[in-house]
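Here the structure is laid out as structure tokens; the discussion comes afterwards.
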Amino acid sequence: MDTDLAKKVTSSDISEVSESMQKLGTMQSFTLSKSAVDQRKYEYVAQFDKGTMNVDVAFDPDGKVSDFHVFDGD
């Protein structure tokens, strides 16, 4: 994770995402749904027993995560 993102993300944020994922059960798949390689942005769909979540990830030029969003896919 790059330094700017590390300043924004709290342990509470991580716990919240973890709890949301746990409520959906066991992950069945994690599939790339869209990419903008030139911009280093990727969108994934995480399929669980009880639903889906979308995961958007961006990387900085050094390959560190510079942004991410996790939200309900249903």
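Any read-out appearing in this document is the output of simple, stated calculations on the displayed coordinates, not a laboratory observation. No experiment lies behind these values; they were computed from the predicted model shown. Counting neighbours? That spans all protein chains shown, and the Cβs are built from the backbone with ideal geometry, glycine included.
If you take every residue apart from MET27 with its C-beta less than 13 Å away from the C-beta of MET27, what net charge results, scoring Lys and Arg +1 and Asp and Glu -1? The partial results should precede the final answer.
Details: positive: LYS23, LYS50; negative: ASP49.
Combined, the nearby Lys, Arg, Asp and Glu give +1.
For the Cα atoms of the chain, what angle does the longest principal axis make with the long axis of helix 11-23, in degrees from 0 to 90, nearest 10?
So the inclination is approximately 30 degrees.
How much mean residue ellipticity at 222 nm does the chain get from its helices, if each DSSP H run of length 4 or more adds -39500 (n - 2.57) and you divide by all residues, to the nearest 500 deg cm²/dmol?
On the way: 2 runs with 19 residues, N = 74.
After summing the helix terms and dividing by the residues of the chain, the value is -7500 deg cm²/dmol.
What do you get when you divide the Cα radius of gyration of the chain by 2.2 N^0.38 Å, with N the number of residues? Walk me through the numbers on the way to the answer.
Numbers: Rg = 13.0 Å, N = 74, 2.2 N^0.38 = 11.3 Å.
Dividing the Cα radius of gyration by 2.2 N^0.38 Å gives 1.15.
Could you grab the relative contact order for the chain? Cα pairs under 8 Å, six or more apart, rounded to a whole percent.
Details: 122 pairs, mean separation 19.6, N = 74.
Reported as a whole number, the value is 27 percent.
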